[in-house]
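Step one of this worksheet: look at the structure below.
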Amino acid sequence: MLFQTSDDDLYAALVARDAAYDGRAFVGVTSTGIFCRLTCPARKPKRENCRFYRTVAACLTAGFRPCKRCHPLTAAAEADAVIRDCLAALAEREDHRWSEDDIVAMGYDPSTVRRAFKRHFGMTFLEMARLDRLRRGFTVLNDGGRVIDAQLEAGFLSPSAFRDAISRLIGEAPGRLPADPILCVDWIETPLGAMIAVADNRALHLLEFADRKALPGELKRLRTAGRGSLGIGRTPVHDLVATELAAFFAGRSARFATPLALHGSAFACTVWQELRRIAPGETRSYSDVARAIGRPEAVRAVARANGANQIALIVPCHRVVGADGGLTGYGGGLWRKQKLIEIEAAFACGDKTACQ
C-alpha cells in the first residue's frame, strides 16, 4: 500500500526515478513552488524542500504549479502505451467489431488490456468499443433514421442486440420511443468521452458521461417524471450546452449559462447551488461545503447530495475532494475527476466567477 510508505522512502524513489511510483505519488518542491512526478528528469531537490502527495489535486490545492519537464498534469491513461495504442486503433477502425482476437493480433494480452482499461476508465476496451458503436446508431436515430439503419450503422448483427443495448441505456426499445418527446436525449462528444444530455426546450435536466453506471436509473426517473415522454431528439438547449462544453475543453471559458432544471430535494438543490460557487481551479472538502450552507453537522448528507448530482461539470461535484486533499469517489471515474481538476487549473488565475 503506497502511503504506508514513508516520506524518506518516497524521497529515495524520487532520487532513483523509480517508475513504480509514477502517477501514484507526486513531490511538491517548496523552494520552487513546482510539483513533479517522482520520475522527473530534473535535478533532484533537497530532502527538506520536498512534500509528498497522493494526487495531482492535492498538489494543486497545496499551491504548487506543474513542472514543465515531466508534465504531471498528463493523465496517467495517456502515458500508458497499452491504452494509447488501443485507443488509436479504435479511432482508426471505427466500423470494426472488436474481439479479444484483435487484441492478441495487436501483440497484447487481453487480460493486461482489460485490467488497464478497468483501472483508468472503469470499463474494458471491448465495452468502450461497443459503446462507441452504440453512439453511431444513436446518431442515426436522432437524425430521424430507421431503426434498421441505426442498427447497421452501429455494427450490430442482431436487431434484438441493438434494441437491448438502447433499452439498457434509455429504458425503452427504440421502436417504442415517442416520436415527439418532451424530454429529448442526445449524445455529445467530449475529449473525456461521450456525454448524454437530456433537455426540453427550456432547460437541461441531465448531463452525464455515457458510461456512468447510474445513468440508466437516472433516465428512468426522468422518464417517470415526464410521464413517459422521453425520447431521442435535440433542442436548442443541447446546442447551447455543446457549445459551452467545447469552450470549456478548449480552455477558452469555464462559464456555463445553460439554464438548469434541478431534480432533487430542497437540501440537495442548496448543495448543488453551493457547488456552483466554487471557482474553477479551486476545490472544497465535504466539510467546507457543509459549513458554507450553514449545516456543519450534515457532512454525510452533503456527500450524498454530491453523489446524486446528475448535471456533471456544470454543477461541479468534481471540485469536492477529501479532507486530506485526495480524490474521492466520482461517478464518471476518478481519472476523469483528476483530468477535470487539471483542466481547470488553467482557469485558476482567470475569472473566479466563471461557473457562477
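Put simply, the amide H of Leu313, placed in the peptide plane, has neighbours under 5 Å in His318, leaving out anything fewer than 5 places away on its chain.
A Cβ-based charge dipole, computed about the Cα centre of region 2-74 with Lys and Arg at +1 and Asp and Glu at -1, lands at about 340 debye.
Most simply put, region 178-356 has about 60% antiparallel DSSP beta bridges, counting only bridges with both residues inside it.
Note on region 77-126: with charges restricted to the Cβ of Lys and Arg (+1) and Asp and Glu (-1), its dipole about the Cα centre is near 280 debye.
Distances over 22 Å make up what percent of all Cα-Cα pairs in region 226-356? Write out the running numbers ahead of the final one.
Numbers: 3237 of 8515 pairs.
Percentage above 22 Å: 38.
Put a plus charge on the Cβ of each Lys and Arg, a minus charge on the Cβ of each Asp and Glu, and nothing anywhere else: the dipole of region 178-356 about its Cα centre is then about 420 debye.
Do the alpha carbons of any pairs in Lys118/Lys339; Lys46/Lys339; Lys220/Lys339; Lys44/Lys337; Lys118/Lys337 sit beyond 19 Å of each other, and which pairs? Mind showing how you got there, number by number?
Details: Lys118/Lys339 17 Å; Lys46/Lys339 29 Å; Lys220/Lys339 29 Å; Lys44/Lys337 29 Å; Lys118/Lys337 15 Å.
Distance filter (> 19 Å) returns Lys46/Lys339; Lys220/Lys339; Lys44/Lys337.
Packing, taken as the mean count of other beta carbons within 10 Å per residue, orders the peptides 90-100, 31-41 from highest to lowest as 31-41, 90-100. Phi-derived couplings, Karplus 6.51 cos²θ - 1.76 cosθ + 1.60 at θ = phi - 60°, listed residue by residue for region 261-269: 10, 8, 10, x, 5, 4, 5, 4, 5 Hz, with x used for Gly and Pro.
Rounded to whole numbers, the Karplus 3J(HN,Hα) couplings from phi for region 34-50 are 10, 10, 9, 5, 6, 9, 4, x, 5, 4, 6, x, 5, 4, 5, 9, 9 Hz, using 6.51 cos²θ - 1.76 cosθ + 1.60 with θ = phi - 60°, and x at Gly and Pro.
Compactness ratio of region 77-126: Cα Rg over 2.2 N^0.38 Å, N = residue count? Can you show the working numbers first?
On the way: Rg = 10.0 Å, N = 50, 2.2 N^0.38 = 9.7 Å.
Cα Rg divided by the expected 2.2 N^0.38 Å: 1.02.
Applying both filters, DSSP loop and at most 11 other Cβ atoms within 10 Å, to the GluC sites (Glu not before Pro) of region 224-319 gives Glu297.
Read the figures in this text as sums done on the coordinates, not as results from a lab. Nothing here was measured: the structure is a model prediction, and the numbers come from that model. Methodologically, a virtual Cβ is constructed for each residue, glycine included, from the backbone with ideal geometry; neighbour enumeration extends over all protein chains shown.
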